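The values are calculated or read from the model by the stated rules, or taken from the named source; none is laboratory data. Small disclaimer: the values here were computed from a predicted structure and weren't measured. Every residue, glycine as well, gets a Cβ built from its backbone with ideal geometry; the counts of neighbours run over all protein chains shown.
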Amino acid sequence: MKKLGFGAMCLPLKNEDDEKSIDIKTTRKMIDLFMKKGFNYFDTAYPYHLGESEKST
């Protein structure tokens, strides 16, 4: 079992002044690579990015 998690507390943003403006395209690329390497643990919580880190798109 791999022991590395993908933290969703500091995702890439489109606008650094807007914590909710997650760059979804870049985040998807990061997640795809993370999973391709065999990892599957994601650390997310409602407060991260004012609730936006837990939404699925």
Worksheet item: Restricting the search to region 1-32, which residues are in contact with a helix residue (DSSP H, G or I) (Cβ under 7 Å, 6 or more places away or on another chain) and not charged (D, E, K, R)?
Response: Phe6, Ala8, Met9, Leu11, Pro12, Ile22
Worksheet item: Does Glu19 fit the bill of being in a helix (DSSP H, G or I) and of a type outside the set (Val, Ile, Thr)?
Response: no
Worksheet item: Do we have any residue at all in region 1-18 that's within 12 Å of the chain's Cα centre (by Cα) and among the polar types (S, T, N, Q)?
Response: no
Discussion item. Only one of Lys14, Lys37 is surrounded by 11 or more Cβ atoms within 10 Å (Cβ to Cβ), at pLDDT 95 or above and of a type outside the set (Val, Ile, Thr). Can you tell me which?
Written reply: Lys14
Item to complete: Of the numbered conditions (1) at pLDDT below 95; (2) outside any helix (DSSP H, G or I), Leu50 fails exactly one; give the number of that condition.
Response: (2)
